[in-house]
């Protein structure tokens, strides 16, 4: 099945035929994606891919800029050696993938790095809250990568600094660096929105 786009209407029967699976697992997948905020299911049973608004991204930023720096703070304090190696592995993978310009793999590696830090915070409530934002966050990150592919090189440098602070167990520095990293993403996204508005005029 080809990629879907925001606002696209999905047809359960068509997906079932393309993937050659029964409709039962398709329905389960739809329920999970709806929970993640990626799909909208209306009262008549129609399914539409979510099309986040600028306001959605602003609200997402308000959450991320508080939660992820906090997760980095506690990850620096609480990370186990095993969790540290997991974060290191994702960081190294990201460095290799960035050179390939494969945006999907870069995005996936980026997500894995951030989520590994949240898990290392050892705070189940933070893990749950950040996980709940994963759906709309994917739209956010992908839109930045597609428009600013070279940003990933800069982001890699920021990731390395965050990782080093976690290695050093410098919680305040890890928190500061993560906040700056997320703010950088948000500024780029708002530039992208302004550019899009400019083309409409």
Output for the range 172-186, where each listed residue is surrounded by fewer than 17 Cβ atoms within 10 Å (Cβ to Cβ) and within 12 Å of residue 117 (Cβ to Cβ): none
One residue is enough: does the range 154-168 have a residue meeting the conditions touching a helix residue (DSSP H, G or I) at 6+ places or on another chain (Cβ under 9 Å), outside any helix (DSSP H, G or I) and at pLDDT 95 or above? yes
Out of the residues in the range 6-18 that are under 7 Å from residue 49 (Cα atoms) and part of a loop (DSSP other than H, G, I, E, B), state the one that is modelled with the highest pLDDT. 8
Please find, within the range 19-34, the residue that is surrounded by the fewest Cβ atoms within 10 Å (Cβ to Cβ) out of those that are out of contact with any helix residue (DSSP H, G or I) (no Cβ under 8 Å at 6 or more places or on another chain) and modelled with pLDDT under 75. 32
For the range 73-88, enumerate the residues that are crowded, with 23+ Cβ neighbours inside 10 Å and either under 14 Å from residue 124 (Cα atoms) or free of Cβ contacts under 8 Å to residues at least 60 places away in the same chain (or both). 75, 79
Of the residues in the range 35-46, those that are over 23 Å from the mean Cα position of the chain (by Cα) and modelled with pLDDT of 70 or more come to 42, 46
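The values are calculated or read from the model by the stated rules, or taken from the named source; none is laboratory data. Everything numeric in this text was worked out from a predicted model, so none of it was measured. Glycine also receives a Cβ, built like all others from the backbone with ideal geometry; neighbour counts cover every protein chain displayed.
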